[in-house]
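Q: Pasting in a structure now, in structure tokens, and then I'll have a few things to ask.
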Amino acid sequence: MESNSDPDSSGNAITKRVVGVPEPALSEPAQQLIGVRSGGKTRISWRRRRIYPRALRRRIERSVSRSLGYAIMVKTFQAYLPSCHRTYSCIHCRAHLANHDELISKSFQGSQGRAYLFNSVVNVGCGPAEERVLLTGLHAVADIYCECCKTTLGWKYEHAFESSQKYKEGKFIIELAHMIKENGWE
């Protein structure tokens, strides 16, 4: 961060600050300087703002840490399951979701039809937990989504309120409408 002070005509100091934004791995974007007056004083703060193409700017805005006040480029690493095993993948982007060995049950019902219960999954993000009344009673569940294409896939059982349903806690439901079978299926 650079800063310098210059006196104005009345003798008050004008402070100019330039805050750097981390450079993306792209061609040099246009720059725009924006002056912001602060609290009626003669101090002017300047900050450098990058102008990106609209689609890229939206992706960057989702990755911005507002608490830090500057852009952070986030790289999501995708997990790949061994190709010698039967796997389930996202139907939309083909990201691996689960190994067949992690399948617990095929007898579940989702909002869009049949669904499978898995012990563990990969490349999946989890939303906030909320209480829902499902076919088997009251549960605290969190929607899960594909980390690559952001499609909602199903949900994760966070807490089961009935003792007969406790085996579901920490397990994942993925609807068949959102996954396909890959590698070694006959």
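The values are calculated or read from the model by the stated rules, or taken from the named source; none is laboratory data. Only a predicted model underlies this, so the values are computations on that prediction, with no experimental measurement involved. Please note: Cβ atoms are built from the backbone with ideal geometry, for glycine as well, and neighbour counts cover all protein chains shown.
Q: Where the second residue is not in a loop (DSSP other than H, G, I, E, B) and the first is β-branched (Val, Ile, Thr) and lies in region 105-121, which pairs have Cβ atoms under 6 Å and are six or more apart or on separate chains?
A: These pairs meet every condition: Val121/Leu97; Val121/Ala98; Val121/Phe172.
Q: Pull up region 108-156, narrow it to residues that are of a type in the set (Gly, Ala, Ser) and exposed (fewer than 14 other Cβ atoms within 10 Å of the Cβ), then point me to the one that is farthest from the chain's Cα centre (by Cα). Working first, answer last.
A: Quick first cut of region 108-156, residues of a type in the set (Gly, Ala, Ser) only: 110-111, 113, 115, 120, 125, 127, 129, 137, 140, 142, 154.
If we keep only those that are exposed (fewer than 14 other Cβ atoms within 10 Å of the Cβ) as well, we get 111, 113, 120, 127, 137.
Working: Ser111: 23, Gly113: 26, Ser120: 19, Gly127: 9, Gly137: 30 Å.
Step by step, filter region 108-156, then rank; the result is Gly137.
Okay, residues lined up against (1) more than 20 Å from Tyr80 (Cα to Cα); (2) assigned to a strand (DSSP E or B); (3) modelled with pLDDT under 95:
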residue	(1), (2), (3)
Ser107	yes, yes, yes
Val122	no, no, yes
Cys126	no, yes, yes
Ala129	yes, yes, yes
Val133	yes, yes, yes
Leu138	yes, yes, yes
Lys150	no, no, yes
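Q: What pairs come out if I take residues in region 136-151 that are over 16 Å from Phe108 (Cα atoms) and small (Gly, Ala, Ser) and pair them with residues that are at pLDDT below 95 and not in a strand (DSSP E or B) whose C-beta lies under 8 Å away, six or more apart or interchain?
A: Ala140/Phe161
Q: Name every residue in region 161-177 that is crowded, with 21+ Cβ neighbours inside 10 Å and either more than 21 Å from the chain's Cα centre (by Cα) or not in a strand (DSSP E or B) (or both), in order of residue number.
A: The one that is crowded, with 21+ Cβ neighbours inside 10 Å and either more than 21 Å from the chain's Cα centre (by Cα) or not in a strand (DSSP E or B) (or both): Lys168.
Q: Another question about this same structure. Please count how many residues of region 143-176 are more than 15 Å from Ala98 (Cα to Cα) and among the hydrophobic types (A, V, I, L, M, F, W, C).
A: Final tally of qualifying residues: 3.
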